[in-house]
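Here's the structure, in C-alpha cells; my notes come after.
Any read-out appearing in this document is the output of simple, stated calculations on the displayed coordinates, not a laboratory observation. Because the structure is predicted, anything quoted here is derived from the model rather than measured. All Cβ positions, even for glycine, are placed from backbone atoms using ideal geometry, and neighbour counts span all protein chains on display.
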C-alpha cells in the first residue's frame, strides 16, 4: 500500500523520512520510488522532510502542499478534501471572449493575501469581468515575488495565505459569478529553494532556456517528470476548482517526443473536464505565432483552448505611443494594427526584423476562432519588463487610454486587463523579487 510520504528519488542512495521530529527509514522500490516501512498518519498538521544520503538537514517534499516557514524548511501535510465547497451553482462559460482580469495577489491589496483579495471581488463583478487570472502562486523563496521564481509547484505560497486560503478565494469568486484562471510555470524553476535535483533528474543539465535548465520532458527517466507535471496540472482543477490554466512561455518547453507535452496537457484537461462535467481550458503564452497550438487534435493540432497574441499588444502600443525600438519596429503603421485585427497575427510567415528571420504561420479561420486569441493593451510582462516598470498611462492622455480600451475590449478576440488598467492607474509595476 502506498503512503503519502512515498517519494520518487532515483538519485538517492539512502533516504530517511523525518516527521514531527521522528526518523523513519525508507527503502527503495521499483522505478526509483522510496517508501517508509512505517510512518505517521498523514493528518493535516504533520511537519516532515527527507534526509538524503545521510544529510543532517531535511529537505522539503517535491510534492509538498504547504511550506509554512518557507521553501528551505519542512513541508506540512494538507488535506484538500477538508474544504466545504459552496460553488455548486457556478457554471463556467469556458473561454468565450469574456474579459480576463490579470491579478498579482501580493500587490492587488495592501495586505497582499488571498483573503484580502476576496474583499475586492465585488469591484471586478461591477466591472464586468468574467475571469480572474492569478499570476503564479506556487511557493517561492522570500516574502514577495512576481511569481515566476517558484520552486515547489504543489504548494501555494504561505505569505498569500496557503492552500486553504486559495480554496476560499476560488469558492468566493465562483459564488460571485467570477471564474478563476491560474498562471502556472512548467518551463523552469526559481534559483533559490529548488531541491528537486537531489531527488531525481527533473531538469536537463546543459539544455537551458532564458531562465535556467530546461525541464526534463524527453530525456532518460522523464516519464516520472512528465507525470509530476501532469498531476500538478490536474491538481488545480480537482483540488482547487479553477476553471483554466495559463501556461507560461510554452515555447521554452523542450520536448522532442512524438506526443508533445502540450498535447498531453490538453488531452488530460479534456478528460478531467468530462469526468467533472464542466468546461476546463488551457491558454498558452507563446511567441511562436503557431496556430497548431490551438487547432484541434483531429487536424494535427495540440488542442489547447487559447493562446496569447503579443502581436496585438505590439500593434496597439506602437500606434498609440510611437515607440519603435526592438520588437516594436515592425508594427509602426496603422496597417500593422489592421492586419492583426483581421488576421490575428501580424507575423504569420512574414520577416521579423527583431528576429532577423521569417516568423509565424497564418491562421486558418475555419480551424481557429478569434476568441481563442487572448489579447491585452497591457500585461505584467509588457509593463514589468520595462526599465521603469511604467504603464502606458504614464505617457498617454485619457483619450488615448480610451482608444486602447476600445481596441482591446471591443475587438474580435478575448480581452485581458492588467490590474489597475480599468481606472488608468499610474503606479509603476517593475520586476521585483526577494529571493
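Points worth noting:
- With respect to the chain, whose longest principal axis is taken over its alpha-carbon atoms, helix 162-175 is tilted by about 40°.
- The protection proxy used here, the mean number of other Cβ atoms lying within 10 Å of each residue, ranks peptides 24-31, 84-91, 60-67 as follows, highest first: 60-67, 24-31, 84-91.
- Between the Cα long axis of helix 398-409 and the first principal axis of the chain there is an angle of about 70°, rounded to the nearest 10.
- Shape call, segment 348-400: gyration tensor on alpha carbons, a/c limit 1.5: oblate
- Counting DSSP beta bridges with both ends in the chain, the antiparallel % (nearest 5): 50 percent
- Segment 7-58: C-alpha gyration tensor shape, a/c 1.5 cut-off, then a/b vs b/c: oblate
- The chain: C-alpha gyration tensor shape, a/c 1.5 cut-off, then a/b vs b/c: prolate
- Calculated mean residue ellipticity, 222 nm, the chain: -7000 deg cm²/dmol, from DSSP H runs (n ≥ 4) at -39500 (n - 2.57) each, averaged per residue and rounded to 500.
- Angle between the chain longest axis and helix 310-321 axis [Cα atoms, degrees, rounded to 10]: 50 degrees
- Once C-alpha pairs closer than 8 Å and six or more residues apart are averaged by separation and normalised to the residue number of the chain, the relative contact order reads 13 percent.
- In terms of the mean number of neighbouring beta-carbon atoms within 10 Å, the peptides 301-312, 324-335 order highest first as 301-312, 324-335.
- Most mobile listed residue (231, 342, 275) in the chain, GNM with C-alpha springs under 10 Å: 275
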